């Protein structure tokens with residue numbers, strides 16, 4: 001398990017323990033509050049794992065490389081993998097004529 005995941009699990013677990021402990025302490029004894037807070041560690045840990053996974057997906061670097069393929073780099077574990085494009089990939093260069101045709105198409109749809 002990566003250290004980033006471990007940190008998020010510890011923070012989320014501690015936070016859930018404190019919330020449950022303080023909420024339970026208002027109406028229960030200290031041992032009961034500690035027991036209920038410790039039960040809250042598991043959902044907090046699961047939440048931390050899910051949050052770290054989503055964070056990892058959102059902040060993954062994907063950028064073009066010089067060979068025409070895409071390099072996907074993960075910031076946390078510094079692994080790089082190549083993503084190659086098939087020969088049917090779309091050309092992203094647009095001309096003024098294409099822009100004019102698209103504008104006319106949108107205008108005709110808006111006027112309908």
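Computed from the coordinates by the stated procedures, all read-outs in this text should not be read as laboratory data. If you're wondering where the values come from, they're calculated on a predicted model, not measured in any experiment. Here Cβ is always computed from backbone atoms with ideal geometry, including for glycine, and neighbour counts include all displayed protein chains.
Taking other C-beta atoms within 10 Å as the exposure proxy, 36, 109 rank 109, 36 from fewest upward.
Legend: ranking of residues 53, 5 from fewest to most surrounding C-beta atoms inside 10 Å; resulting order 53, 5.
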